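All remarks here apply to the structure that follows.
Each value in this text was obtained by applying a stated rule to the coordinates, not by laboratory testing. Since the structure is predicted, the reported quantities are computational estimates derived from the model, not experimental observations. When we count neighbours, we look across all protein chains shown, and the Cβ atoms used for this are built from the backbone with ideal geometry, even at glycine.
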Amino acid sequence: MTPERTPPARTPPARIALRGPALSLKADPFALPAGDCLDHIEDALIVIEDGVIAAIGPYADLAPGLSPEIDLIDHRTGLIVPGFIDAHVHYPQLQMIGAYGTQLLEWLDAYTFPAEMSFADAAHAERVAGLFLRELLRAGTTTAMVYCTVHPHSVDAFFAESERFNTRMIAGKVLMDRNAPAPLLDTAQRGFEESAALIARWHRRGRQLYCVTPRFAPTSTEAQLDAAGALLHEANGLFLQTHLCENPGEVEWVRELFPARASYLDVYAAAGLVGPRSMFGHAVHVHEGDFCTCHQAGAGLAHCPTSNLFLGSGLFRLFEAVDPRRPVRVGLGTDVGGGTSLSQLQSLNEAYKVAALTGHKLNAVQGLYLATLGGARALHLDDRLGRLAPGYEADIVVLDPKATPLLGFRTDYCNSIEELVFVLMTLGDDRAVRATYVAGAPVYDRDRTGERFRYPTHA
Ligand SMILES: [Zn+2]
């Protein structure tokens, strides 16, 4: 990817160092044995300069060279991992998370569209964007691919708050020109113009990245999908997000709306929307041919287990998707508000169960990969996100294995780092996030008295 057009609005502290157990992935545990993929340092020192990891290694090796002026933070009671990546989430749906009783298409009409209509009020959008960013950081998520609403100011509100935290976020204005309430509709032309203006305003400004965002095939005409394809040529490094094969009723509807297309994915392919940096949410009801298309195109799929279970959508075939013979890039999505938690630990708790119901075992190393380096690969950002390694952006989470009385008791009986991570996946949630660092700045501290969230400031 090309460098940012402009530097971040705020710079993090120039030099900081974290000490504690550190764990991240260096390779794909769906392709290689788990043991070959882990970077685990029991007492690590991570030196951060200008928002980037400058050095990482055993504390005993690196400490003698450490400058006395450096701000050294002791996390020896925690577990230091890369910040989590959420490959699919809707910030305007925070107000209807946990809505009762429906499947996808009725759920959109009953809950989602009314919630998104309230974003006509720019002040409401700003309030929810502020809350959403804080809830992400509280859950240890430092990068997310985010749907806003059809209103351009919903995107401005989101990126403005992300810029204040200096988080690397990917987001865009939803495009819908049919099959939704009139106040939420744009047109192919207006959607194009509003998106182009947002791309000019936000894409690669600091750490912000723009994502062209047709909601899904049923709410866009072919003209609008073609316009979305044209938008991808407005700037380098743009992203594309939409939904794919989430629910059987939706798949059938797409077949009726686009009878000339060979498959649901083919509707997007015909508009030029299937390529690197394209992320398709759910993909529960796809076929082998769709997996092959995604593999060849370098497109990603977002596995959203809490949502797929909550809305009764079905079971994503993760192990089929990542088959090493034609691996598809898969990220992990919360899909709030269809999903029931912004915590990727909770996503992994449910991903394990979805895998079990499809005849597979998702181990802890594979789980951590999906939430970190795997997500970065799905987004084609694995040159800078998802690892604890020199040159990587210092988006870092400190997990607390003793976060609750039960975790404290259970983790006393863990015999390996893999078991510890698995127990955190199963029992953990935002309570298990002790601190979150964004580009090296301590933006969230669970145990800080007073305000737990802080925008980065000059050192
Ligand atoms: Zn979604």
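Sum -39500 (n - 2.57) across every DSSP H segment of at least 4 residues in the chain, then divide by the residue count to get the 222 nm mean residue ellipticity, nearest 500.
Values: 17 runs with 152 residues, N = 459.
So the helix-based figure for the chain works out to -9500 deg cm²/dmol.
Under the classification rounded if a/c is under 1.5, otherwise prolate if a/b is larger than b/c and oblate if not, where does region 76-167 fall, given a ≥ b ≥ c as square roots of the Cα gyration tensor eigenvalues?
On the way: a/c = 2.53, a/b = 1.43, b/c = 1.77.
Taking the square roots of the gyration eigenvalues as a ≥ b ≥ c, region 76-167 is oblate.
May I ask you to list the lysines whose Cα is less than 22 Å away from that of Lys173, ignoring any residue fewer than eight positions away on the same chain?
Here the lysines satisfying the reach criterion relative to Lys173 do not exist.
Which FRET efficiency value, to the nearest 0.05, do you get for Ala200 and Ala54 by plugging their Cβ-Cβ distance into 1/(1 + (r/R0)^6) with R0 = 35 Å? All intermediate terms of the calculation are to be shown ahead of the outcome.
On the way: r = 33 Å, r/R0 = 0.96.
Computed FRET efficiency for Ala200 and Ala54: 0.55.
Between Arg326 and Asp71, what is 0.36 nm times their sequence separation minus the Cα-Cα distance? Round to one decimal in nm. Could you put the intermediate results ahead of the total?
Values: separation 255, 0.36 × 255 = 91.80 nm, distance 4.54 nm.
So the extension gain works out to 87.3 nm.
Given q = 0.10 Å⁻¹, what are the Debye log10 I(q)/I(0) values for region 84-378, with equal point scatterers placed on the Cα positions and solvent ignored?
For region 84-378, the Cα-only Debye profile gives -0.46.
Measure nothing fancy, just the Cα-based angle from helix 248-257's long axis to the longest principal axis of the chain, in degrees from 0 to 90, nearest 10.
The answer is roughly 40 degrees.
Taking the Cα of Asp39, stepping 7 Å toward and past its beta carbon, and measuring to each backbone N in region 386-406: which are under 14 Å?
Only 386-397 pass the distance filter.
To the nearest 10 degrees, how steeply does helix 288-297 sit against the main Cα axis of the chain, on a 0 to 90 scale?
Relative to the chain, helix 288-297 is tipped by roughly 70 degrees.
Give me the lysines in straight-line cross-link reach of Lys353: C-alpha distance below 16 Å, same-chain residues under 8 apart excluded.
Lys361
Hey, with R₀ at 41 Å, roughly what FRET efficiency would Arg431 and Glu256 work out to, going by the Cβ-Cβ distance, to 0.05?
On the way: r = 46 Å, r/R0 = 1.11.
Working from the Cβ atoms, E equals 0.35.
DSSP beta bridges in region 215-353, what fraction antiparallel, as a percent rounded to 5?
Numbers: 0 of 12 bridges.
Here the antiparallel bridges make up roughly 0 percent for region 215-353.
With axes computed from alpha carbons, what is the tilt in degrees of helix 417-427 against the longest principal axis of the chain, rounded to the nearest 10 within 0 to 90?
Once rounded, the angle reads 50 degrees.
Of Trp202, Trp253, how do they rank once you tally other Cβ atoms within 10 Å and put the fewest first? Let's see the in-between values first.
Working: Trp202 22, Trp253 18.
Lowest to highest Cβ neighbour count: Trp253, Trp202.
What list of ³J(HN,Hα) values in whole Hz, one per residue of region 271-277 in order, does the Karplus curve 6.51 cos²θ - 1.76 cosθ + 1.60 (θ = phi - 60°) give from phi, with Gly and Pro shown as x?
Values, residue by residue: 8, x, 9, 10, x, x, 6 Hz.
Which ordering of Ser220, Ser341, Ser67 is given by a fewest-first count of other beta-carbon atoms within 10 Å?
On the way: Ser220 29, Ser341 21, Ser67 9.
Ordered from fewest to most neighbouring Cβ atoms within 10 Å, Ser220, Ser341, Ser67 come out as Ser67, Ser341, Ser220.
Within region 137-212, which trypsin sites (Lys or Arg not before Pro) sit in a loop by DSSP and count at most 16 neighbouring Cβ atoms inside 10 Å? Show your work: numbers first, answer last.
Values: sites: Arg138, Arg164, Arg168, Lys173, Arg178, Arg190, Arg201, Arg204, Arg205, Arg207; in loops: Arg168, Lys173, Arg178, Arg204, Arg207.
Sites meeting the loop and neighbour criteria: Arg178.
Taking a quarter of the surface of the convex hull around the Cα atoms of region 45-130, what do you get in nm²? Provide the component values of the computation, followed by the final result.
Values: hull surface 39.5 nm².
Value for region 45-130: 9.9 nm².
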